[in-house]
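Scroll down for the structure; my scribbles are underneath it.
The values are calculated or read from the model by the stated rules, or taken from the named source; none is laboratory data. Everything quoted here is computed from the prediction, not taken from an experiment. Backbone-built Cβ (ideal geometry, glycine too); neighbour counts: all protein chains shown. What goes into the accessible areas is simple: the full protein's heavy atoms, side chains included, and nothing from ligands, DNA or RNA. Shrake-Rupley method; radii C 1.70, N 1.55, O 1.52, S 1.80 Å.
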Amino acid sequence: MMKLIKKREVLYGIIIAGLLIFLFYNQYLESKHGKSIFASLNDLKMLTQQEKDWLKNKGVIYYGFRPDDAPLEFIDKKDGLCKGILIDYIHALSEEIGVEMKPIPIENAEAGDISLHGKGIDMVAKIPTYSKENSYLYTYPILRIRGAILLPKDRIEKKDLEALKQIKNVAVAADDTNVFLSENTPWIGQVTASNIESALEMMKKGQVEGIAGVEIILQQKLKRLGLEGAFEFISYPGYEMNYVFVVDQSNKILFNILNKGIYNLQSKNILEDIQREWFGISLSLSRENISTRIALTILIFSMAISLILYFFYLSNKTLFRELEERMEELNISRNELQITFDSLTHLMIVVDQFFMILNTNDAVCKYLRVHKSHIIGKYCMQFPQLDPFFSGDMYKNFKKAFDEGVACQQEITHEGSIFEVNIFPVKDFREQISKILMMIKDITQIRIHERQLLQENKMAAVGQLAAGIAHEIRNPLGLIRNYCYILKNGNTDDTRLRAKAIKNIESSVQKAGDIIDNLLNFSRISNEEWETVNLRDYVDMVLMLHDNEIKKNAIHVELACDSDLKCRVNAGALEIILVNLIANAVDAMPYGGILYLDCKVQENALEILCKDTGVGIEQEKLSKIFEPFFTTKDKKKGTGLGLYLAYNEIQKWGGKISVDSRLGEGTTFYISLPLGQGKDDINEKEFI
């Protein structure tokens, strides 16, 4: 959806940019050629057959011109020829449309109304008279001229608008400029003069203060009369007018032909060439003048600013919309996370370094029997039920989590329940630890089930060992029965024989008692107490439980352990680990082999190696041997819980176990168990 909106807005931007470019180009064409894009497209058509036929029948187009408007159009008195910028333009236009155009002189007064002519004049060039525009058709502009007011030099102090405001009346030699003056300088009175000479005469007599007219015509007239230094021109801003061809309204076909010819001449820059011939340089007689260039520059600048502002707005709008969507997604994600957070049955508490509660889940509210709004923002010490989780060793764990960024796990017993407490440091965007997430899980039932499972496994092991233990007990019982028979039926006076019998009976009783004690010790429910044991004696005791199977399978046992090696260990857990490892090794060698046990202490850890030369384990099964109920033994012989329980005890101890096995070569287990330091040791694990 967001991509669709972006594409649509970019499309709008392109459309707007295209529209602005179109308007700019249209303005440029109107400035350069005096016509819009649509008019230019229309003019691209060549002369129609009807227009060609009309020109052929017409033969000659008569152009009426003023004989005294040099340098625009005039009759040169030296050779009597028609000359001027407009006359040259007429010749060029004649060649363009392919028909003869003949100039015919007319008086200034006649130029105001073609309908007065009785000489068959088809067109004239003039400034449009808007009061009569309904009677005539005006072609596209052919050139642009600038109007000015001519004043004596002694009358001018400043050539600006202030000077114009002082003028009361002027002479106007023709009607070309009177409309402009009437609309823009109404305070200046107008007196009509037949020509410029008569206007100068009126100014000499004091009848008018100045002369209004076309600047280049006035300049040419003063030059011819030798009066250039006696007068100055004042230009009114915007006092610029278009010269057009004027035809009768009824002659629309000629109007269309002229427009097409003017367009083609403008495309060829004919007017600039004519100006260059007359003045040596290209004067600003064409439509493209300073004000137009300024207007085009402003337009281009406005277009650029508009596009920049639009795309800036578009970008900000898109960013704002994306920000809103991201905020909405963030809120949804936060709500979903909070729902998940609240749905957990564990106690979840987020605290800062001062133990202020920042967030919690519903389970904590139920545990404390307090609404969440009354918990967040309070300190943990304000809730007595939470004291066990924030005091003693737990306080040290919190400090360690904040200082070192280390996550911790610890089991706590409180009011008959066992809790597993996990502490996770939470980092902010600067990678600084800003808060701690504490997860408290009641694992009482889990531990009860583990102990039940452990005890059941022990009972299963006792059942498997029963035959061997019975055989071990039967041997000393047989000795006791034999020596009792000797004492009962033999020579009672033989003190040596009696002493020997009593000694063997006592030895057999002791051996049977030791077997029973080992069996009872193994079958009792294990506890989590740590105690100092002689490791060699402890391993011998476990081996004694398997003595019958070891002898039966002809297994040779090699034990590498110092006789005086004493360690502080969790005796119950160590017993479970050794019993299951030795049992698996014995079962793996039904046809004899070597069982090698190596026990030593390195870097405050008990290292145990248990190696057999049995059948081995397939590589694809090695990853599953610590899973519950997975076994490679016969169903009647294995429960699949031995290695699982051993692995579980090692994990709780905080130790490590690994295995290496080859089919037909045997299996080796490597165990590393951290040793306890004192009687108050806590089963604690640290992990990153």
Subject >> Pairwise label distance in nanometres, Val370 with Ser198, each label 7 Å out on the Cα-Cβ vector >> reply: 11.2 nm
**OP:** Quick one: which residues, 5 or more positions from Asn361 or on another chain, have an amide H under 5 Å from its amide H? H modelled 1.01 Å from N in the peptide plane, none for Pro or chain starts.
**Re:** Met348
**OP:** Using a 1.4 angstrom probe on heavy atoms only, work out the carbon and sulfur share of the accessible area of segment 307-449 in %.
**Re:** 58 percent
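Just order 319-329, 389-399 by mean Cβ neighbour count inside 10 Å, highest at the front, would you?
Numbers: 319-329: 10.8, 389-399: 16.1.
Ranked from most to least packed, the peptides come out as 389-399, 319-329.
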**OP:** Identify the chymotrypsin sites (Phe, Trp or Tyr not before Pro) of segment 522-624 meeting these criteria: DSSP loop state and at most 16 other C-beta atoms within 10 Å of the C-beta.
**Re:** Tyr591
**OP:** If a/c stays under 1.5 just call it rounded; otherwise compare a/b with b/c (prolate if a/b is bigger, oblate if not). Do that for segment 555-671, with a ≥ b ≥ c from the square roots of the Cα gyration tensor eigenvalues.
**Re:** oblate
Original post:
So between Ser563 and Gln382, what do we pick up on full extension, going 0.36 nm a residue minus the alpha carbon distance?
Top reply: 59.7 nm
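Full extension from Ile443 to Asn489: what is 0.36 nm times the residue separation minus their Cα-Cα distance, to one decimal in nm? Can you show the working numbers first?
Details: separation 46, 0.36 × 46 = 16.56 nm, distance 6.41 nm.
Difference between extended and current length: 10.2 nm.
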**OP:** Please work out how much length the chain gains when fully extended from Gln50 to Lys656, using 0.36 nm per residue of separation minus the C-alpha to C-alpha distance, in nm with one decimal.
**Re:** 207.5 nm
**OP:** May I ask for the net charge around Ile357, where only other residues with Cβ less than 12 Å from the Cβ of Ile357 are counted and Lys, Arg are +1 while Asp, Glu are -1?
**Re:** +2
**OP:** Compute the distance in nm between two label points, each set 7 Å from the Cα along the Cα-to-Cβ direction, one at Glu329 and one at Asp352.
**Re:** 3.0 nm
Original post:
What residues have an amide H closer than 5 Å to that of Gln249, excluding those fewer than 5 places away on the same chain, when H is modeled at 1.01 Å from N in the peptide plane?
Top reply: Leu137
Original post:
Spin-label point model (7 Å from Cα, Cβ direction): what's the Asp342 to Ile433 distance in nm?
Top reply: 3.0 nm
